[in-house]
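All of the numbers you see were taken from the coordinates with simple rules; none came from a lab. Please read these numbers as outputs of a predicted model, since none were measured by experiment. Note that we place each Cβ from the backbone using ideal geometry, even for glycine, and neighbour counts take in every protein chain shown.
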Amino acid sequence: MDTQELVNYLDELLYDSTGKHIDSLQVAILKGVLNGEKYQDIASDYKCSASHAKDEAYKL
């Protein structure tokens, strides 16, 4: 299973549980973490603070 397939699978699970889809920052976090990136790097790529990225990751 590649990264995008896993993100799609997790999105389906989240939608089934909450009725909400994964947002674009959460997708960036999932892909970044799966590729071994640190929150600071993910936040830099997404143009947000590392603390905001961590907060969104916690919500996942």
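Tabulated data for the structure shown
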read-out	value
Distance between modelled label sites at residue 6 and residue 59, nm, 7 Å Cα→Cβ extension	2.2 nm
CD proxy at 222 nm, helix term only [per DSSP H run n ≥ 4: -39500 (n - 2.57); per residue of the chain; nearest 500]	-23000 deg cm²/dmol
Degrees between helix 3-18 axis and first principal axis of the chain (Cα, 0 to 90, nearest 10)	60 degrees
√(5λ) per eigenvalue of the Cα gyration tensor, the chain, largest first, Å	20, 14, 8
Under 15 Å from the residue 34 label point (7 Å along Cα→beta-carbon), backbone N, the stretch 1-23	1-14, 22-23
Under the Karplus curve 6.51 cos²θ - 1.76 cosθ + 1.60, θ = phi - 60°, whole-Hz ³J(HN,Hα) for the stretch 51-58, x wherever Gly or Pro sits	5, 5, 4, 5, 4, 5, 5, 4
Nearby aspartates and glutamates by direct alpha-carbon distance to residue 20 (threshold 15 angstrom, same-chain neighbours under 8 apart not counted)	11, 12, 56
